[in-house]
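S.K.: Questions regarding the structure given below will be posed in turn.
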Amino acid sequence: RQSITRSIADQARTIRIPVHMIETINKLSRTSRNLVQEFGREPTPDELSHHIGMPLHKVRKVLKIAKEPISLDTPIGDDEDSLLKDFIADDNVDDPSQATVSSNMGEKTREALRSLTSREEKVLRMRFGVDEVKDHTLEEVGQDFDVTRERIRQIEAKALRKLRHPSRAKLLKSFYEG
């Protein structure tokens, strides 16, 4: 009998659950069925905990584990023409409106940077990581240009002042005003 129970425990579920947990789930299920007969309703986790002598947090954990997974292709709705997967958000996909704003901001940023001298543009691109793998320190940018980090700081400050000028700032105004 035990080997049959273990075999069923190993093979019956989509997601394998250890045998000791299956035994706990079965014990909880039996107790739950008995309490349904006694109360005429589904028992609460508190009642199950009290009757089994198991801590409430463990009963909740076992009840959570005992739930069967359902397919994302499960039809739902009155006419069952919709699937469950149609209603589940994918957090890995960018919001289309946010993706559009980000793309537009990238274009406008590149356009604003192109209005600077090539040296100023490259300094800002490196410092702020625009179209770069990462942003760079003053020291790293200085080594690239073969000048001191203080000189890079001055070039950066001058370039940022230029970008704040109304003729250039209007390109990016819509993004920083919200």
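S.K.: Report, by residue number, each residue of region 78-100 that is touching a residue at least 12 places away in the same chain (Cβ under 8 Å) and assigned to a helix (DSSP H, G or I).
M.R.: Once the filter is applied, which keeps residues that are touching a residue at least 12 places away in the same chain (Cβ under 8 Å) and assigned to a helix (DSSP H, G or I), region 78-100 yields 84, 85.
S.K.: Another question, if that's okay. Taking the stated definitions as given, is residue 68 part of a loop (DSSP other than H, G, I, E, B), in contact (Cβ under 8 Å) with a residue 40 or more places away in the chain and exposed (fewer than 10 other Cβ atoms within 10 Å of the Cβ)?
M.R.: So residue 68 passes the test.
For (1) surrounded by fewer than 13 Cβ atoms within 10 Å (Cβ to Cβ); (2) within 34 Å of the chain's Cα centre (by Cα); (3) not in a loop (DSSP other than H, G, I, E, B), each residue gets a yes or a no:
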site: 30; (1), (2), (3): yes, no, yes
site: 48; (1), (2), (3): no, no, yes
site: 51; (1), (2), (3): no, no, yes
site: 62; (1), (2), (3): no, yes, yes
site: 73; (1), (2), (3): yes, yes, no
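S.K.: Right, another one. Select from region 121-146 the residues that are of a type in the set (Val, Ile, Thr) and closer than 19 Å to residue 162 by Cβ and list them in ascending order.
M.R.: Those that are of a type in the set (Val, Ile, Thr) and closer than 19 Å to residue 162 by Cβ: 123, 130, 141.
S.K.: Suppose we keep only residues that are outside any helix (DSSP H, G or I) and of a type in the set (A, V, I, L, M) within region 132-170. Which one would you say is nearest to residue 110 (Cα to Cα)?
M.R.: That would be 133.
S.K.: From the list 109, 74, 117, 100, which one is hydroxyl-bearing (Ser, Thr, Tyr) and at pLDDT 90 or above?
M.R.: So the residue among 109, 74, 117, 100 that is hydroxyl-bearing (Ser, Thr, Tyr) and at pLDDT 90 or above is 117.
S.K.: Within the set of pairs 6+ apart or on separate chains, which have a first residue in region 156-169 that is within 17 Å of residue 138 (Cβ to Cβ), a second that is assigned to a helix (DSSP H, G or I), and C-beta atoms under 7 Å apart?
M.R.: Listed pairs, sorted by first residue: 156/123; 156/124; 156/127; 158/120; 159/120; 159/123; 159/124.
S.K.: Looking only at region 1-25, count how many residues are farther than 17 Å from residue 69 by Cβ, aliphatic (A, V, I, L, M) and not in a helix (DSSP H, G or I).
M.R.: The total comes to 0.
S.K.: Looking for something under 30 Å from residue 26 (Cβ atoms), without any contact (Cβ under 8 Å) to a residue 40 or more places away in the chain and assigned to a helix (DSSP H, G or I) - is there at least one such residue anywhere in region 103-115?
M.R.: Scanning region 103-115 turns up no residue that is under 30 Å from residue 26 (Cβ atoms), without any contact (Cβ under 8 Å) to a residue 40 or more places away in the chain and assigned to a helix (DSSP H, G or I).
S.K.: Please go through region 1-28 and give me each residue that is modelled with pLDDT of 80 or more, loosely packed, with under 13 Cβ neighbours inside 10 Å and aliphatic (A, V, I, L, M), ordered by number.
M.R.: 4
The values are calculated or read from the model by the stated rules, or taken from the named source; none is laboratory data. Because the structure is a prediction, the values reported are computed rather than measured. Neighbour counts run over all protein chains shown; Cβ positions are idealised from the backbone, glycine included.
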